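Below is one structure, written out as structure tokens, with a few remarks after it.
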Amino acid sequence: MGLGSLGIIIISTAYVNFSGATFGRSCGHWRQGLTGSDKRAVRTKETIAESRKVEITGSGGFPVYASGHFEDGKCRNRNELVGDRAISISFSRSSWWDVPVTMCEGYAGIFLNDLQHLEIRLGGIVYAATRSANEEVQGYDVRILDNDSINGLPRTCRRMIIPIQSGGGSRNAAIQIDLRDMPEPPWKMLKSAISYNRTECNIDALIDVFDMMTSSRELPMRLPNQVADIISISFDTNSVEPLLLRLTDQRKLT
């Protein structure tokens with residue numbers, strides 16, 4: 001008796017083996033069955049997906065430390081999480097679009113001195129960077145996220161927000177990081193510096209907390225194995241308004 005008569009369908013292993021080569025070959029067969037308009041629709045969707053990819057990379061785009069998708073973001077008012085006492089215009093006067101990101105496989109964290117060489121890429125294009133030479137990071141406006149204000153965070157969580165001004169302030173962003181398992185003494189030092197900045201009125205007397213955290217003269221020398229996880233990237237809604245409008249229009253259609 002043949003297998004066909006038993007109602008058993010035989011599926012070629014070429015289509016159930018999801019190794020890179022086999023999957024690519026089956027994708028090719030799938031594409032060959034599409035009409036011209038279908039192929040254009042697929043390419044359009046792929047192009048849109050690429051334009052909305054959020055990546056945190058090293059200088060020049062490599063390595064890719066973390067990634068996420070712009071459409072997964074949520075809107076947040078300016079004064080949520082960080083309060084309303086930011087010294088400069090680092091934090092948007094309006095609102096933020098917070099995009100969660102995931103650390104890429106192979107990167108358990110980023111060493112402190114590498115934080116000063118990060119690029120935030122939106123659709124593969126550099127949106128903002130932490131290059132100290134360009135003075136894009138507003139080190140005196142770094143903020144601590146109190147564990148009590150974030151539901152579900154353990155008491156040992158060491159989260160902070162690092163603001164960035166790029167393009168002359170036209171592309172504001174912020175990176176939320178977790179200084180995982182940082183010992184209490186250096187963490188208290190950072191918190192003290194941030195608290196001082198929030199009460200000091202003379203801008204020339206402010207402490208550059210980002211430089212303290214990333215410079216080899218400070219914490220990286222004392223904590224050579226300390227790493228940071230990137231939790232999310234926040235975009236000033238004013239600077240990404242066209243992308244947000246397109247995203248809103250697309251959701252209305254669906």
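At a 1.4 Å probe radius, carbon and sulfur cover how many percent of the accessible area of the stretch 193-232? Write down the numbers at each step before the final one.
Working: 1050 of 2100 Å².
Carbon and sulfur: 50 percent of the exposed surface of the stretch 193-232.
Taking all protein chains as shown and a probe of 1.4 angstrom, ARG171 keeps an accessible surface of around 80 Å².
Dividing the Cα radius of gyration of the stretch 158-254 by its Kirkwood radius returns 1.10 for Rg/Rh. Measuring with a 1.4 angstrom probe and ignoring ligands and nucleic acids, TYR140 comes out at about 50 Å² accessible. For THR102 and LYS188, the difference between the fully extended length at 0.36 nm per residue and the C-alpha to C-alpha distance is 28.3 nm.
Let me check something: with ligands and nucleic acids excluded, how do CYS157, CYS201 order by accessible area (1.4 Å probe), largest to smallest?
Values: CYS157 10, CYS201 130 Å².
The residues order as CYS201, CYS157, largest area first.
Note that the stretch 159-235 presents 44 Å² accessible area per residue, ligands and nucleic acids not counted, probe 1.4 Å.
The values are calculated or read from the model by the stated rules, or taken from the named source; none is laboratory data. Every value quoted in this text rests on a predicted model; they were computed, and no experiment measured them. Side chains included, ligands, DNA and RNA excluded: accessible areas come from the protein's heavy atoms. Shrake-Rupley method; radii C 1.70, N 1.55, O 1.52, S 1.80 Å.
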